[in-house]
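The values are calculated or read from the model by the stated rules, or taken from the named source; none is laboratory data. None of these values were measured; they are calculated from a predicted model. Neighbour counts run over all protein chains shown; Cβ positions are idealised from the backbone, glycine included. Quick note on the areas: whole protein, heavy atoms, side chains included, nothing else; ligands and nucleic acids left out. Shrake-Rupley method; radii C 1.70, N 1.55, O 1.52, S 1.80 Å.
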Amino acid sequence: MPRAGGAAAATRAPHQRAASVVELIGHTPLLDVSRLAPGLAPHVRIYAKLEGFNPGGSVKDRAALWMVRHGLETGALQPGKTIIDSTSGNTGIALAMIGAALGYPVTLVMPENVSRERKVTVHAFGAQTVYSSGLEGSDGAIILCRKLIGETPQRYFKPDQYNNALNPQAHYESTGPEIWEATQGRVTHFVASIGTGGTIMGTGRYLKERNPAIQVIAAEPDDALHGLEGLKHMASSIVPGIYHEDELDRKVPVPTDAAYELVYQIGATAGMVVGQSSGAALHAARVVARDLKEGVVVVVFPDFGDRYLSTNLWIGWGEWLEQRRRT
Ligand SMILES: Cc1ncc(COP(=O)(O)O)c(C=O)c1O
């Protein structure tokens, strides 16, 4: 039976005791990563927002909670229904965690080639999985999910992260205010990698409302065929309904190799193993920060790297390490 009331709390005050894991979503810390960008002007700082500290391990906990809570409030999600969505992984983990905490079953449609760690994690939360072709990427999962819902629509609640306004709203109401508060309003540039676009749209909107001069910059894979799990190359993808490119000030194309190399550097010099999309975002943040005379750049690190240890990300690592030892 679904447990009532647990989704009521949005984000906890830091250090507060929690009655449900969903109350632990948000209030992630900022870490100064400026030394990972050599050559910055003295009054330029880069801070990473460490979304891996969310209880489900990623930035997607925020969007998932806002979408599920809205479903409960409107009655679109009620006892007897199953939460279903297509996801490249992190949203699935977030929905599985929240479904487990609130007592709702969860079915996830995902490309068959997502990392083993992700599959095991969602199963550990009791979710069911349906796999789409790995060759079709996240678009294949979207299409298969639509088909399943079409067969028995009354059975499911689909948060639909690509088109649900509550996805960016989560960031408008939590990520944005947290960044504004943590930098005491001194943030000048906001950088995030793009999957659904929820993080950049919602956070960007909030920050621009507080100070229209703040620049909002997307880190995007530089090619349709990329190795940056969770991210979209918009020109070759189904563009999410919530993504409005005209609200961005700039996009920085990110080569997969550059993102991977930065993941290795972050691990070896900042003491943090992060995912590919954090490397991609840091690449864009460095490009932006190097042109500044002064400024506070906040970049989102969407998750930690433990869920990618069996992926291609780590294949080139030994070579990189060897090269680093030689120089
Ligand atoms: C690892 C990772 N990084 C970045 C993103 C992008 O976040 P958003 O969907 O808010 O654009 C996602 C999810 O989509 C993700 O799973």
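Data for the structure
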item: Helix-only CD estimate at 222 nm, as mean residue ellipticity for the chain, using -39500 (n - 2.57) per DSSP H run (n ≥ 4); result: -11000 deg cm²/dmol
item: Between segment 169-192 and segment 56-128, the alpha-carbon center distance in angstrom; result: 25
item: Calculated from backbone phi, Karplus (6.51, -1.76, 1.60) coupling profile of segment 131-136 in Hz, x at Gly/Pro; result: 9, 9, 4, x, 5, 8
item: Exposure of residue 306 as accessible area (Å², to 10), given a probe of 1.4 Å and all protein chains; result: 100
item: Model label zone, residue 224; criterion: amide N under 12 Å from point 7 Å along Cα-to-beta-carbon; scope segment 236-268; result: 236-238
item: Å² of accessible area per residue within the chain, as computed with a 1.4 Å probe and no ligands counted; result: 43
item: Rg ratio (alpha-carbon, reference 2.2 N^0.38 Å) - segment 157-231; result: 1.18
item: Between segment 235-286 and segment 141-157, the alpha-carbon center distance in angstrom; result: 31
item: log10 of Debye I(q)/I(0), alpha-carbon scatterers only, for segment 283-327 at 0.15, 0.19, 0.22, 0.24 Å⁻¹; result: -0.68, -0.86, -0.88, -0.89
item: Binned Cα-Cα distance frequencies in segment 190-319 - 5 Å width, integer %; result: 2, 11, 22, 23, 19, 13, 7, 2, 0, 0
item: Over segment 67-168: Kirkwood hydrodynamic radius from C-alpha pairwise inverse distances, Å; result: 13.5
item: Mean Cβ neighbour count within 10 Å, used as a protection proxy, ranking 102-113, 145-156 highest first; result: 102-113, 145-156
item: For the chain, convex hull volume per residue from C-alpha positions, Å³; result: 127
item: Amide H partners (placed H, <5 Å) of residue 109, local residues excluded; result: 85, 86, 87, 130
item: Percent of beta bridges antiparallel (DSSP, the chain, rounded to nearest 5); result: 15
item: Net length gained if the chain between residue 213 and residue 186 were fully extended (0.36 nm per residue, minus Cα distance); result: 8.6 nm
item: Relative packing of 29-36, 172-179, which averages over residues the other C-beta atoms within 10 Å, highest first; result: 172-179, 29-36
item: Protein accessible area in the chain, 1.4 Å probe - carbon and sulfur %; result: 52
item: Of the DSSP H helices in the chain, those whose Cα atoms cover at least 15 Å axially and whose Kyte score averages 1.0 or more; result: 90-102
item: Residues with amide H under 5 Å from that of residue 220, placed H, sequence gap 5 or more; result: 252, 254
item: FRET efficiency for residue 163 and residue 315, using Cβ-Cβ distance with R0 set to 35 Å, rounded to 0.05; result: 0.50
item: Charged-residue dipole, Cβ positions (Lys, Arg, Asp, Glu), segment 145-213 about Cα centre, Debye nearest 20; result: 220
item: For residue 44, distant residues with modelled amide H under 5 Å away; result: 295
item: Gain upon complete extension [residue 136, residue 268; 0.36 nm per residue less C-alpha separation]; result: 44.1 nm
item: Two-site FRET efficiency, residue 146 against residue 74, from Cβ-Cβ distance with R₀ of 25 Å, rounded to 0.05; result: 0.75
item: Dipole magnitude of segment 194-286, debye to nearest 20 (Cβ charges: Lys/Arg +1, Asp/Glu -1, about Cα centre); result: 300
item: Hz values of 3J(HN,Hα) by residue in segment 291-300 - Karplus curve (6.51, -1.76, 1.60), Gly and Pro given as x; result: 8, 8, 8, 8, x, 10, 9, 10, 10, 8
item: Gaussian network model of the chain, Cα within-10 Å springs - most flexible of 167, 312, 54; result: 312
item: Using θ = phi - 60° and Karplus 6.51 cos²θ - 1.76 cosθ + 1.60, couplings along segment 54-59 (whole Hz; Gly, Pro as x); result: 5, x, x, x, 7, 4
item: Added length on full extension, which subtracts the Cα-Cα distance from 0.36 nm per residue, residue 327 to residue 128; result: 66.8 nm
